[in-house]
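Peer 1: Okay, handing you the structure first.
The values are calculated or read from the model by the stated rules, or taken from the named source; none is laboratory data. Note that the coordinates shown come from a computational prediction; the quantities given were computed from them, not determined experimentally. When we count neighbours, we look across all protein chains shown, and the Cβ atoms used for this are built from the backbone with ideal geometry, even at glycine. Calculation scope for accessible area: heavy atoms of the full protein, side chains included, ligands and nucleic acids excluded. Shrake-Rupley method; radii C 1.70, N 1.55, O 1.52, S 1.80 Å.
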Amino acid sequence: MTNMDNDTPVDDDALTPETVAAEADATEATPGENDEVAKLAEQLAALQQDLLYARAETQNVTRRKDKEIADAHAYAATKFARDILSVADNLGRALAAIGDEQRADEGFKPFVTGLEATERELMSVFERHGITRIAAIGLPLDPNQHQAMLEIPSDKEPGTIVQEMQAGYMMKDRLLRPAMVGVAKAG
């Protein structure tokens, strides 16, 4: 930008309400011109304030967008992860249903070994994707991670988890599914 009178460069940052008012005071002007300069200085101050607010809002929108993109990448598989938890539950139930005599049977051993290897691989995949099992037994009930299904008479402190009906899982720092538990009953 240049000065209209002599084509010398003008620094835009130098145009502040204070400098405009100082220039107005330095020049001999009539009272009407001083009022006009004061109005222009007020308008300039208002526009500069609006510009600052617009820049701040733009930065906030950019930060929110970046966070939403990061969350979308981190948690894109959440729905799939919730669905696959039932597979892990059923695999665990199948392994729990195999008795000691079946495990000892030589004809049945390859089947058991295959199920155990499949469970290990599934847990490895969970670990790689930040899916972790929620600890429950022996801990106090945490309503953010556990869902109390029943109270069980016990010698443990009331509110302590004594039974786990269904495992709970977290994906990074988000709850995929709460652990369904039984807690110690008071008295």
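Peer 1: It is to be established whether one or more residues within segment 147-162 are buried (at least 18 other Cβ atoms within 10 Å of the Cβ) and either basic (K, R) or within 21 Å of S86 (Cα to Cα) (or both).
Peer 2: The answer is no; no qualifying residue exists.
Peer 1: Test each condition in (1) over 25 Å from A74 (Cα atoms); (2) open to solvent by less than 60 Å² (accessible area, probe 1.4 Å); (3) of a type in the set (F, W, Y) for F126 and report the one that comes out false.
Peer 2: (1)
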